[in-house]
Amino acid sequence: MDAGDPSAGSDNTVFQSSQAVPHGENPANLLERCFAGRQELPVNSSLRCAAVGFSRYRGDWIGVLITPWFMDLFLLPGGGELWGDIPGGQHRYVELPTGTVPFTAADDPQFGPYQHSPLVAPVSALSDMATALQLAASVMSGILGQAVPLPAEEERGMVREVAAPPQAASRRSFFRRLAGKR
């Protein structure tokens, strides 16, 4: 989009967004390094950067990124059917087994385009890293329909293609599981 584009907005704001290049390999390590290098004041100093459960789902990459500033569900291009290029700052809705999830587009100068959806706000509500990791693994288990190992158990760089769960869980049951209720 250029400054002359009428869709850029009446306040002459131009959203920069580069064309997404699909990640052929698991982007979890790259994503962790990119966000760990940021020089922001932590909201929760007991948290560190960790990518949890990144797997190919319907051809694209989905997983949770925990940082001292946020805990978000990330969608990254992998050449599949979930990803859709949209300008930075714009929203799109993606149908997942747990329901429709709103994602916001962003573009990192080092990492490139990504889309994210907040899971916990503010992250100061998380007591420690172990709690954040358990929550992230639960979220990904609900999305993928199978158990997701914690980062210490994952083999980095391993590509997993995950099929859609046989039955989509209801959104209500998904959030009940997150709250520790069955």
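Any read-out appearing in this document is the output of simple, stated calculations on the displayed coordinates, not a laboratory observation. No experiment lies behind these values; they were computed from the predicted model shown. Cβ placement follows ideal geometry from the backbone for every residue including glycine, while neighbour counts extend to all protein chains displayed.
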In what sequence do Glu32, Glu81 fall when counting other Cβ within 10 Å, fewest first? Glu81, Glu32
Treat the count of other C-beta atoms within 10 Å as a stand-in for reagent exposure and order Phe54, Phe74 from fewest to most. Phe74, Phe54
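Provide the gained length on full extension for the span Asp85 to Asp107, in nm with one decimal, where the gain is 0.36 nm per separating residue minus the Cα-Cα distance.
This chain segment gains 6.8 nm when fully extended.
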Karplus couplings for the range 32-39 from phi (6.51 cos²θ - 1.76 cosθ + 1.60, θ = phi - 60°), rounded to Hz, Gly and Pro as x? 4, 4, 4, 7, 5, x, 6, 9
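Ranking Tyr93, Tyr57 by Cβ neighbours within 10 Å, fewest first, what do you get?
Lowest count first: Tyr93, Tyr57.
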Quick check on packing: order 96-106, 122-132 by the mean number of other C-beta atoms within 10 Å, highest mean leading. 96-106, 122-132
